[in-house]
Structures are given as structure tokens and as C-alpha cells.
1. Among the candidates LEU73, LEU117, which residue alone is within 16 Å of ligand 2 (Cβ to nearest atom) and either under 30 Å from THR209 (Cα atoms) or under 13 Å from the mean Cα position of the chain (by Cα) (or both)?
2. With (1) within 16 Å of ligand 1 (Cβ to nearest atom); (2) assigned to a helix (DSSP H, G or I); (3) exposed (fewer than 13 other Cβ atoms within 10 Å of the Cβ) as the list, and SER211 as the residue in question, which single condition is left unmet?
3. Anything in segment 241-269 that is of a type in the set (Val, Ile, Thr), within 16 Å of ligand 1 (Cβ to nearest atom) and crowded, with 20+ Cβ neighbours inside 10 Å? List them, or say none.
4. Answer with yes or no whether GLU222 is within 16 Å of ligand 2 (Cβ to nearest atom), of a type in the set (Asp, Glu) and surrounded by fewer than 19 Cβ atoms within 10 Å (Cβ to Cβ).
5. Inside segment 56-82, can you point out the residues that are touching a Lys or Arg at 6+ places or on another chain (Cβ under 8 Å) and assigned to a helix (DSSP H, G or I)?
6. If you take the residues of segment 138-151 that are without any contact (Cβ under 8 Å) to a residue 60 or more places away in the chain and in a strand (DSSP E or B), which of them is surrounded by the most Cβ atoms within 10 Å (Cβ to Cβ)?
7. If you take the residues of segment 1-21 that are over 28 Å from GLU149 (Cα atoms) and touching a residue at least 40 places away in the same chain (Cβ under 8 Å), which of them is farthest from ligand 1 (Cβ to nearest atom)?
Amino acid sequence: MKATLLGSGGNTPTPLPTCQCRVCTKAREEGGKHVRRGNSTYVHDAKAMVDTPELAFETLNEEKISEVDAVLLSHFHPDHTLGLRVLQGIGLSDIPIESWVESETDVYMPRETHQKLVENSSILGHLLGEWANVNVVEHGDVFEINDVEVEAIGWREEPGNQERNIFGYLFEQDGDRVLVSPDENKNMPTDGLGHLHLWIKECGLFERTPSGTRIRSRKRLEKDLQTEMTFSESVEQVTEVDVDKVVLTEIEELYRRTPSEYLSIAEKKSQPVTFGHDGQTLET
Ligand SMILES: [Zn+2]
Ligand SMILES: [Zn+2]
């Protein structure tokens, strides 16, 4: 199977508006691998994208993607959903236009995401009502998109959540198995995943910049770690799974690291882990 990282960034993309740090400055000057747009992955065989950050319009163009038949949402957070307006580009009729909507795109999402997005009076609710065929997924659901089997794997962001509100999607075709779990991997169940050829997963947070400055105060970090995982924990999670190759995404600007610094971190790890970059195409 073939997948492309449309965006390898997180809630804080790189460059971050107004930020003058060395990482953002370099990204503005040089572009390329220094730029990280919001977290989104395109699975070519399924013609499906996982998550729609604000810059989905741009990244689809940049990667010259000509077809999107389905959108799968991992969770409701704005950095994964606010690019849903891309549905209006994907589903627009050819000229001469009779009806604006040529085809409704299949959009898969957890129940909590559905409840938050599809308020009748909300803008995204209006958009999904017109342009999408919405499917609410449950943990363990299996469905097909363009002859690729997709399994929805759900878990709770916090143990106290009433239901599984964060999802990853396992794509399988001709024995090839690719898991995309873009964010909030802390409580993700790893038992029973079987052999994976590729896992595109959350990077996890760094506590300090390369020069040793705290990224979050002690108090803030303690609070955030109730739901977030650290980079070390994310790498540790990899050891629980039989996987050939892991590519990390959700790489926040806040971590303040350059591509070459990430490269040297990955080289020191014994696990098969690398840091992704925008536009990176992966094949199994
Ligand atoms: Zn910056
Ligand atoms: Zn999130």
C-alpha cells in the first residue's frame, strides 16, 4: 500500500504565525522539510484521507491528489477537523453546473466528533449536511473503501470518558496492513493488532527544547500528561507491537527542533522509528 503524509505537524504548525524562533525562521526562509502543516495522511489505494486540518486545501494540491472518495476523522479537535470545507472542493460538480454537489463524500467519524460537529445550527454541521455522507464508527467496525478493508480502532482519551472518542484506522489490502493513529495515542490498545507493515503514529511531546528550556511549566506538564504521551512513551508503545516501520507525525512546532535534529534522535533509537515530513510517500 502507498500512503503520503499530507501534513506532519500538529496543533502548532511550522512556521507558526508571528513566531520568530530559529525553527520557524528557517521554515519561512527555506521551506521544504522545515515546513510542517497540520496532521493529515492520504492512503492512495483507498483514495482516502485521515483528518482534515485547515491547510488540507493546500496539501492536497501540493501532493497533486486527484481523487478523494472518503475522509476519516480520528477525533473532533479543531486541528483535525477545521479543514472539512475541503469537501466543497472534492465534491463540486463539473461545469455546466446544475446542482453544486456532484457527489457526497463518505466521512467516517466517532460519535463524540459527530455530536460536536453536526449541530444543526453550526457551520460545519451545515457543510456536512450538504456535502457529506456521514458514517458514525464504533470500535471494531470493518468497512471497505475502494477494495481496501478498513477497521476502526477506538479508545478513550481519558479513562473517565463515557465512550471511545479517539480513533485510529487500520487499512488492509492483499495482506498489507497499515495503521494510521494520528493523535492522542496514550490510551490506545495495542494488544491484538497483529503484524503491521507500517504504523503512522503520534510523535508524543518533548518536555524541553534542544537547548534545555522547559516547553511547559511543571504544573502545565503534569496536567497535560493526564491525556498526552511523551515522546519516550510513544517510542515505548512501539515495542508493544509487531511492526516493520513506524513514521511519527503530529510533530509540533513547540518542540522547536529542526529536521536534522529529529534525524539524529531517530538514529539513536533501536526501534524502527523515523520522524515524518510533509509530502513524504511511504510504500509497503
Ligand atoms: Zn517557532
Ligand atoms: Zn487532538
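The values are calculated or read from the model by the stated rules, or taken from the named source; none is laboratory data. It should be emphasised that the depicted structure is a prediction, and the values quoted were computed from it without experimental measurement. Here the Cβ is made from the backbone with ideal geometry for all residues, glycine too, and neighbour counts use every protein chain on show.
1. Testing whether each residue is within 16 Å of ligand 2 (Cβ to nearest atom) and either under 30 Å from THR209 (Cα atoms) or under 13 Å from the mean Cα position of the chain (by Cα) (or both) leaves just LEU73.
2. (2)
3. The one that is of a type in the set (Val, Ile, Thr), within 16 Å of ligand 1 (Cβ to nearest atom) and crowded, with 20+ Cβ neighbours inside 10 Å: ILE251.
4. On the way: within 16 Å of ligand 2 (Cβ to nearest atom): no; of a type in the set (Asp, Glu): yes; surrounded by fewer than 19 Cβ atoms within 10 Å (Cβ to Cβ): yes.
No: the conditions fail for GLU222.
5. Within segment 56-82, PHE57, GLU58, THR59 qualify.
6. So the first thing to find is which residues in segment 138-151 are without any contact (Cβ under 8 Å) to a residue 60 or more places away in the chain, and the list is 138-144, 149, 151.
Subsequent filtering for residues that are in a strand (DSSP E or B) retains 142-144, 149, 151.
On the way: VAL142: 10, PHE143: 15, GLU144: 10, GLU149: 14, GLU151: 18.
Here the residue is GLU151.
7. Keep residues of segment 1-21 that are over 28 Å from GLU149 (Cα atoms), which gives 11-21.
Now narrow it down to the ones that are touching a residue at least 40 places away in the same chain (Cβ under 8 Å): 11-16, 19, 21.
On the way: ASN11: 13, THR12: 8, PRO13: 10, THR14: 7, PRO15: 6, LEU16: 5, CYS19: 3, CYS21: 3 Å.
Going through the qualifying residues, I end up with ASN11.
Matching residues to (1) out of contact with any strand residue (DSSP E or B) (no Cβ under 8 Å at 6 or more places or on another chain); (2) in contact (Cβ under 8 Å) with a residue 12 or more places away in the chain; (3) buried (at least 17 other Cβ atoms within 10 Å of the Cβ):
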site: ASN39; (1), (2), (3): no, yes, yes
site: TYR42; (1), (2), (3): no, yes, yes
site: MET49; (1), (2), (3): no, yes, yes
site: ASP69; (1), (2), (3): no, yes, no
site: HIS77; (1), (2), (3): yes, yes, yes
site: GLY89; (1), (2), (3): yes, yes, no
site: ASP94; (1), (2), (3): yes, no, no
site: GLU102; (1), (2), (3): no, no, no
site: LEU117; (1), (2), (3): no, yes, yes
